[in-house]
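Q: Let me begin by handing over the structure; questions about it come next.
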Amino acid sequence: MFSWIRFRLRQTELRCRRPEPPSRRRGRLWPTVACVNGPTIANRRAGGARARLAERLRNRLLRREDPSRQFVRYVLVGFVNTTLGFFVYRGLLEIGTPYALAAALAFGVGSVNGYILNRRWTFAASDTTRARIVYVVVQASGAATTSLLVLLFVRAAGTGRIWAYLVAIPPVTVATFAANRVWTFSERG
């Protein structure tokens, strides 16, 4: 589907001559374009649901700060971090580390990897001392929450240590995404 969108974008670029004033519809900041040999974007909009869907997808793909796009990237980075953390957790359990401590250490290993990937790819933010400090605070809170949830699931719910870790990660992931988007990697003047 994305290759079709890229193809349509390229076709539009080849046929278009000059940008019109920026569109104010739905907060978009990029200009609409007048095409010489093809329909205008407004005519394509009237052409049907498929054209409207294609334009909405195009608009979303072009906007780097879109929260849904950032969340998808954050989840992908989180998957890599969780996989890395899970293997560290299993290794620490094998050498006899207490499971609550192993969960916090595994989360910390994933956090270091996550800072680099999220700063560069997810949020495209600059590397500042403030961002590092806030990221450490957010991730430390995430590690503490993960450990407490693992402890709660193991002792109160009677789940296994592995399943407790896997169940504790999703709510912590959503909470740390929100905190990182709002505080860590936000644009501060």
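Q: If a residue must be modelled with pLDDT under 90, in a helix (DSSP H, G or I), of a type in the set (D, E, K, R) and closer than 18 Å to Tyr115 by Cα, how many such residues does the range 46-76 contain?
A: 1
Q: Would a scan of the range 125-138 turn up a residue that is in contact with a Gly (Cβ under 6 Å, 6 or more places away or on another chain) and at pLDDT below 90?
A: No, because not a single residue in the range 125-138 is in contact with a Gly (Cβ under 6 Å, 6 or more places away or on another chain) and at pLDDT below 90.
Q: Can you tell which of Tyr165, Tyr74, Tyr99 is touching a Leu at 6+ places or on another chain (Cβ under 7 Å) and not acidic (Asp, Glu)?
A: Tyr99
Q: If a residue must be more than 19 Å from the chain's Cα centre (by Cα) and exposed (fewer than 13 other Cβ atoms within 10 Å of the Cβ), how many such residues does the range 138-189 contain?
A: Result for the range 138-189: 7.
Q: Does Ala164 satisfy being part of a helix (DSSP H, G or I), farther than 15 Å from Thr82 by Cα and assigned by TED's automatic domain parsing to the domain that holds Phe79?
A: No, not satisfied.
Q: Quick check on Ala100: is it small (Gly, Ala, Ser), out of contact with any Pro (no Cβ under 7 Å at 6 or more places or on another chain) and modelled with pLDDT under 90?
A: Yes.
Q: Looking at the range 77-131 only, could you name the residues that are surrounded by 20 or more Cβ atoms within 10 Å (Cβ to Cβ) and assigned to a loop (DSSP other than H, G, I, E, B)?
A: Phe123
Q: What number of residues within the range 137-161 are in contact (Cβ under 8 Å) with a residue 24 or more places away in the chain and closer than 19 Å to Gly108 by Cβ?
A: 12
The values are calculated or read from the model by the stated rules, or taken from the named source; none is laboratory data. Everything numeric in this text was worked out from a predicted model, so none of it was measured. Virtual Cβ from ideal backbone geometry, glycine too; neighbours counted across all protein chains shown.
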